[in-house]
1. Pairs please, first residue from the range 359-378 and acidic (Asp, Glu), second anywhere and not in a loop (DSSP other than H, G, I, E, B), Cβ atoms under 7 Å, 6+ apart in sequence or on different chains.
2. What single numbered condition from (1) surrounded by fewer than 20 Cβ atoms within 10 Å (Cβ to Cβ); (2) polar (S, T, N, Q); (3) under 19 Å from Phe488 (Cβ atoms) fails to hold for Asn370?
3. Under 6 Å by Cβ, and 6 or more places apart or on different chains, what pairs join a residue from the range 277-291 that is over 15 Å from Val206 (Cα atoms) and touching a residue at least 12 places away in the same chain (Cβ under 8 Å) with one that is assigned to a helix (DSSP H, G or I) and open to solvent by 10 Å² or more (accessible area, probe 1.4 Å)?
4. So the check is Cβ under 6 Å with 6+ separation or different chains; which pairs have a first residue in the range 572-589 that's free of Cβ contacts under 8 Å to residues at least 40 places away in the same chain and a second one that's not in a helix (DSSP H, G or I) and not polar (S, T, N, Q)?
5. Please state which of the following conditions Ile595 fails to meet, knowing it meets all the rest: (1) aliphatic (A, V, I, L, M); (2) closer than 30 Å to Pro242 by Cα; (3) assigned to a loop (DSSP other than H, G, I, E, B).
6. With the requirement that a residue be open to solvent by less than 10 Å² (accessible area, probe 1.4 Å), under 13 Å from Val319 (Cβ atoms) and of a type in the set (Phe, Trp, Tyr), what does the range 235-287 give you?
7. List the number of the failed condition for Gly28; all other conditions in (1) crowded, with 22+ Cβ neighbours inside 10 Å; (2) at pLDDT 90 or above hold.
8. Kindly provide the set of residues from the range 122-145 that are open to solvent by 10 Å² or more (accessible area, probe 1.4 Å) and in contact with a helix residue (DSSP H, G or I) (Cβ under 6 Å, 6 or more places away or on another chain), ordered by number.
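The values are calculated or read from the model by the stated rules, or taken from the named source; none is laboratory data. The structure presented is a predicted model; accordingly, all values stated were derived computationally and were not measured. FYI the Cβ positions are ideal-geometry reconstructions off the backbone, even for glycines, and counts take in every protein chain you see. Protein only, heavy atoms only, side chains kept; ligands, DNA and RNA dropped before computing areas. Shrake-Rupley method; radii C 1.70, N 1.55, O 1.52, S 1.80 Å.
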Amino acid sequence: MTPELLLNLSIAILIIPLLSFIVLIFFGKKLGRPAGFIGTSILGIDLILSITVAFVRLLYYPDAAMFQYKFDWLNVGTNSIALGVGLDNLAAIMLIVVTLISFLVHLFSLEYMREDKRFPRFYAYLGLFTFSMLGIVIANNFLNMFIFWELVGVSSYLLIGFWFEKDSAANASKKAFIVNRIGDLGFLFGLMTIYLTYGTFLFDEVFGSINAGILPFDSGAWMTAIGIFVFLGAVGKSAQFPLHVWLPDAMEGPTPVSALIHAATMVAAGVYLTARVFPMFTADALLFVAYTGALTAFIAATIAITQWDFKRVLAYSTVSQLGYMVMGLGVGAFTSGFMHLVTHAWFKALLFLASGSVIHAMHHAMHHHNEHHMDPQDIRNMGGLRKTMPITYITFLFATIAISGIPLTSGFLSKDGILAGTLAFAQLSGHWFIPVAGFGAALMTAFYMFRLTILSFHGKPKTHIASHTHENNRFITFPLVLLAILTFWFFYSFNPLDAGKGWFHSVTQTPQIATPHNLMFDFMVQNDQAEPSSNQQVKTFEVTHYQHHHSGEHHSYRSTLEEYIHHAHTPAMILSLLVAITGILLSFIYYQFRIWDVDSIVNLYPWLYKGSFNKWFFDEIYQATFINGTVGFAKIGAWFDLNIVDGVVNFMGTLGRGLGKITSWFDFRGVDGAVNLTAWISKRLGDIFRQPQTGIIQAYLVLTIIGLVVLVYIFI
């Protein structure tokens, strides 16, 4: 299969979900329930194509540069704006992630959303979101990515607020949209500065220019600033501190939406952007990225340990895990950071879909027993579900073990690599807060996830409704089983204790940094002078001139950091395993065996519990500062408008009315008199000149001859 064909198939993969959206948005109401089967079938075709493209790319062209199409989209004076699509190893892997999760969500929703009155519209929105996300994946330039970036924002707004008749859902969709605009403003500013500096949006041309020493405004500080501005887009989309507040509220959308958008795809877009532009980050920019991820991972984990809402625990878990990914990229553990994006997509989608299975079963039990006062998402109303819902429980347990970082799971491979990267980075740079936050978040992750599992599935049913739940049908259980299988290690590495020896590592090697070495950490620059200065991200080939790279011709940079990460692997593995086991044991001690009383800890540190349970009051702080500040500024503007501007306007109106009266008098007395005089003169002149108009031709001839004689006399 040629690169040209792979690119054409990639474009087809992008277009197919758009066709699903168009068909269902216009004809879905007439189709009714079959609309869901149509949308699911279309995504099934898209998934098959994605798997085909990814396998061919990774098996036959693993060391090749990005395949891409480029075309001039717009000419502005002497400059042209080129757009296009591209396919490299990162994009190939993400094609599978997006289409597989989307397909399983489509399948899951056939049962979960079956009774919804807007069932066809839901599937139309799913198609639009999938199209938007795939556009980000195969973009080969900043502008394309930004366009689809905003489309993803619109799609998430529609899906989060799908049940817009609920105020909470409508408010959550607005909150998500507005908070994301803050991050996107930074992304847009970075994008404009990039075009101003380099005259292009194409990744390879921008990175190539940076590699050649061309910096914005000839300033290393501006190079750092541009990287941070672009990263701000990821801060919004991937819910990083301090823009993390939108994601937990977004749980107001249907649970399949949580699995699709807020676990595997939309929130991963920010991490994917960070990985895609990794070559342009300076040392200071990477440090900013690393600290942002570390703070996010730690803060979100501290909030998750006290929540009672099933989906809210998973929401803060998602925020924390996204922080892990960003932290991994920031410290230079590129492969592990990107691997965690993929592995987390599987087990977090599984966790959300399993939560949907539980909530669906609770709803049915409530409806059957005519009890509607209970909150079906409160884990204090559950318990004992492992007996009534065994498939959901087993698959949820697999995902919980994976996210806790237990060996033989995919989560262990990726989290262990990230934590090893933080240790190596701290040894070389002295920034020890980053590994402390990383290992601390790992401890809390194991604790709150097993807390959630124990309270929801173990013990005896806490309510009559929980005891009458039952397992759901295959539309719901099949996606759970498939995703549970993908949580095992062997899909990523043959060595269950070392992801660095697997195929995933070999096809996602760290791209060589394009920024000048004087702007980078000494331990992250190339130390093999025999290797070429260009790199996989920078060096690209037009499809029409494609040449295959033999494995010996392609190199990623080797650095002191990578050597330290290799040596830090064993201590990081041991330490991460110890903190994971500690977190699990604590959860069993407190919630399963009840050896220690949780309430005593709460009473001992009530301010800590209150802060954690209330999300450290971020929403209240933002309400008191930014929101109330904006409203207060608007009130000041309104007062100025009503009292100052309107006062001036009223004065001018009064003055105008006075002048109007004077003008009116002059009009009636002076102007009307002049007009009437003019009319009288015109009438008199008309009477005089009308006299010769007798209607007699002979008179006209005589007057004509007289006129000619007069003219001849004058001119001669």
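1. Glu371/Ile465; Asp375/Asn381; Asp378/Asp309
2. Unmet for Asn370, out of (1) surrounded by fewer than 20 Cβ atoms within 10 Å (Cβ to Cβ); (2) polar (S, T, N, Q); (3) under 19 Å from Phe488 (Cβ atoms): (3).
3. Going by the 6 Å Cβ cut-off, the qualifying pairs are Asp284/Thr224; Ala285/Thr224; Ala285/Ile228; Phe288/Ile228.
4. Qualifying pairs under 6 Å: Ile589/Ile595; Ile589/Trp596.
5. (2)
6. Trp246
7. Only one criterion in (1) crowded, with 22+ Cβ neighbours inside 10 Å; (2) at pLDDT 90 or above is unmet by Gly28, namely (2).
8. Of the range 122-145, the ones open to solvent by 10 Å² or more (accessible area, probe 1.4 Å) are 125, 128, 131, 143-144.
Once the filter is applied, which keeps residues that are open to solvent by 10 Å² or more (accessible area, probe 1.4 Å) and in contact with a helix residue (DSSP H, G or I) (Cβ under 6 Å, 6 or more places away or on another chain), the range 122-145 yields Tyr125, Leu128, Phe131.
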